[in-house]
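Engineer: Input: one structure, supplied below.
The values are calculated or read from the model by the stated rules, or taken from the named source; none is laboratory data. Source: prediction; values computed, not measured. Cβ: placed from backbone, ideal geometry, glycine included. Neighbour counts: every protein chain shown. Heavy atoms of the whole protein, side chains included, go into the accessibility calculation; ligands, DNA and RNA do not. Shrake-Rupley method; radii C 1.70, N 1.55, O 1.52, S 1.80 Å.
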Amino acid sequence: MTARDRDEAHRSATPLELFFDLCFVVAVAQAGVQLVHSLAENHAGTGVTGYLFVFFGVWWAWMNFTWFASAYDCDDVPYRLATLVQICGVLIYAAGVPRAFNDNDWTVAIVGYLVMRVALTGQWLRAAASEPPGPARRTNLRYAIGLVICQASWVGLLAAPDDMKRWLFLVLVAAELMVPVIAERDHETPWHAHHIVERYGLFTIIVLGETITAATIGVQSALDEHAAFDELLPIAAGGVLLVFSAWWIYFAVPAHERLVSNREAIPWGYGHYLIFASAAAIGAGLEVTVEHAVGKAHISDMAAAAAVTIPAALFMVTVWLLHARHFKRGAAQQLTLPAGGLGVLACTLAGEWAVLAAGLVAAATVAVGVTLTHRAGSREILRF
């Protein structure tokens, strides 16, 4: 298992990587379902906290595989089998999401992680054995050691008192995030910038697709219970506009042009936790607004609206912060996305029309960005 060429031409996602991503839809959907139930029952605080915790597990498992594969994917039989084992771990983790979310019982989820980590640690050790003595081998061994230490700590978390698990969870999250920083301190793994950006883009599409699916199921369920279509139409229309705008905004700039080293790549990669989590939460929020519209969610109009507007605004601002702002020209372009995010957030006050208003504001943000781009005379890409 030798390292890939960082300047390899035509480096693109493989069918195995796409299959791996699709299996994560199950875990994302489980997290979204639990969030819907919590928000609809007016338990926003515990619901959002639980969602952020379980979504970290989804995102970090995906991150671990994605960056390793970008550097060392050899696509032979052992590699494929190890990846399929990791997929099994993902499915086990997904099965444990409801217990972790509702009961703070992480047993099944951690078993899923243990399965994933056994396979991934083996991959790092195999990569280390393929490298000659030197910085590259040390980096790979540090990864393997870091994974073992962190996973042992997660297993130890199961024995902690319930009232301490949340705080210890945050400590272990910090430890997990430090593993790549420590492992690559004197040698960067040869990840491929264009490939990494493509992988993140594909996962963003999958998450947005899950948002569309969640919203569709919510509307269908409401119609099955003989809800009035005119009550659901503004929510459906606004939801579609939000998702279409989110897609447009995310893919408006060539992010790979900035990823030249870990200094840019690590904050960019870590920051996508908020992008993925907020994109998936939009779908959950749309389900909550549908339930509110038909009287199944006993929460205020503002609370129902906020379930959509807050994650939508967070998505827009985070995309701007991570990569869109680096391609701006002038103050007008720089302010387009932040102003759009604030506009979407202000739509929370629109009551039952909040989702449609937010969708229109998001679409207007896209239109303004495209207009400013054309006025700037850009001939390469629609950047806003």
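Engineer: Within the bounds of segment 306-315, is there any residue that is crowded, with 24+ Cβ neighbours inside 10 Å, in a helix (DSSP H, G or I), in contact with an Asp or Glu (Cβ under 9 Å, 6 or more places away or on another chain) and not acidic (Asp, Glu)?
Structural biologist: Yes - at least one qualifying residue is present in segment 306-315.
Engineer: On the given criteria, is Ala144 open to solvent by less than 20 Å² (accessible area, probe 1.4 Å) and not in a helix (DSSP H, G or I)?
Structural biologist: No.
Every residue, every condition in (1) farther than 20 Å from Val344 by Cβ; (2) buried (at least 20 other Cβ atoms within 10 Å of the Cβ); (3) of a type in the set (Val, Ile, Thr), yes or no:
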site: Ile249; (1), (2), (3): no, yes, yes
site: Arg258; (1), (2), (3): yes, no, no
site: Ser261; (1), (2), (3): yes, no, no
site: Ser278; (1), (2), (3): no, yes, no
site: Gly283; (1), (2), (3): no, yes, no
site: Leu286; (1), (2), (3): no, yes, no
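Engineer: Assess whether Met178 counts as being open to solvent by 20 Å² or more (accessible area, probe 1.4 Å), modelled with pLDDT under 95 and part of a helix (DSSP H, G or I).
Structural biologist: Against the criterion (open to solvent by 20 Å² or more (accessible area, probe 1.4 Å), modelled with pLDDT under 95 and part of a helix (DSSP H, G or I)), Met178 does not qualify.
Engineer: Let me ask something additional. Kindly indicate which of Ala280, Ala367, Ala312 is modelled with pLDDT under 95 and closer than 20 Å to Tyr51 by Cβ.
Structural biologist: Testing whether each residue is modelled with pLDDT under 95 and closer than 20 Å to Tyr51 by Cβ leaves just Ala280.
Engineer: Same structure, new question: Has segment 318-325 got any residue that is modelled with pLDDT under 95, surrounded by fewer than 20 Cβ atoms within 10 Å (Cβ to Cβ), closer than 22 Å to Trp268 by Cα and not acidic (Asp, Glu)?
Structural biologist: So far as segment 318-325 goes, yes, one or more of its residues are modelled with pLDDT under 95, surrounded by fewer than 20 Cβ atoms within 10 Å (Cβ to Cβ), closer than 22 Å to Trp268 by Cα and not acidic (Asp, Glu).
Engineer: Confirm whether Phe244 is open to solvent by 30 Å² or more (accessible area, probe 1.4 Å) and of a type outside the set (S, T, N, Q).
Structural biologist: In short, yes.
Engineer: Next question. For a quick check of your reading of the model, give me the residue pairs whose first member lies in segment 41-65 and is more than 25 Å from Thr189 (Cβ to Cβ), whose second is open to solvent by less than 50 Å² (accessible area, probe 1.4 Å) and assigned to a loop (DSSP other than H, G, I, E, B), with beta-carbon atoms closer than 6 Å and at least 6 apart or on different chains.
Structural biologist: Asn42/Ile299
Engineer: Let me ask something else about it. Just to be sure, is Thr211 open to solvent by less than 20 Å² (accessible area, probe 1.4 Å), within 24 Å of Ala357 (Cβ to Cβ), modelled with pLDDT under 95 and among the polar types (S, T, N, Q)?
Structural biologist: When the stated conditions are applied, Thr211 passes them.
Engineer: Ok, one more. Suppose the filter is open to solvent by less than 40 Å² (accessible area, probe 1.4 Å), among the basic types (Lys, Arg), part of a loop (DSSP other than H, G, I, E, B) and at pLDDT below 85; does Arg383 pass it?
Structural biologist: yes
Engineer: Six or more apart or on different chains, Cβ atoms under 9 Å: show the pairs whose first residue is in segment 72-87 and hydroxyl-bearing (Ser, Thr, Tyr) and whose second is exposed (fewer than 14 other Cβ atoms within 10 Å of the Cβ).
Structural biologist: Listed pairs, sorted by first residue: Tyr72/Thr2; Thr83/Phe19.
Engineer: When residues of segment 258-277 are filtered for being of a type in the set (Ser, Thr, Tyr) and more than 21 Å from Val54 (Cα to Cα), how many remain?
Structural biologist: Residues in segment 258-277 being of a type in the set (Ser, Thr, Tyr) and more than 21 Å from Val54 (Cα to Cα): 1 in total.
Engineer: For segment 153-197, enumerate the residues that are under 26 Å from Ala9 (Cα atoms) and not charged (D, E, K, R).
Structural biologist: Pro180, His187, Thr189, Pro190, Trp191, His192, Ala193, His194, His195, Ile196, Val197
Engineer: Of the residues that sit in segment 288-305 and are among the small types (Gly, Ala, Ser), in a helix (DSSP H, G or I) and open to solvent by 10 Å² or more (accessible area, probe 1.4 Å), which one is nearest to Pro234 (Cα to Cα)?
Structural biologist: Here the residue is Ala293.
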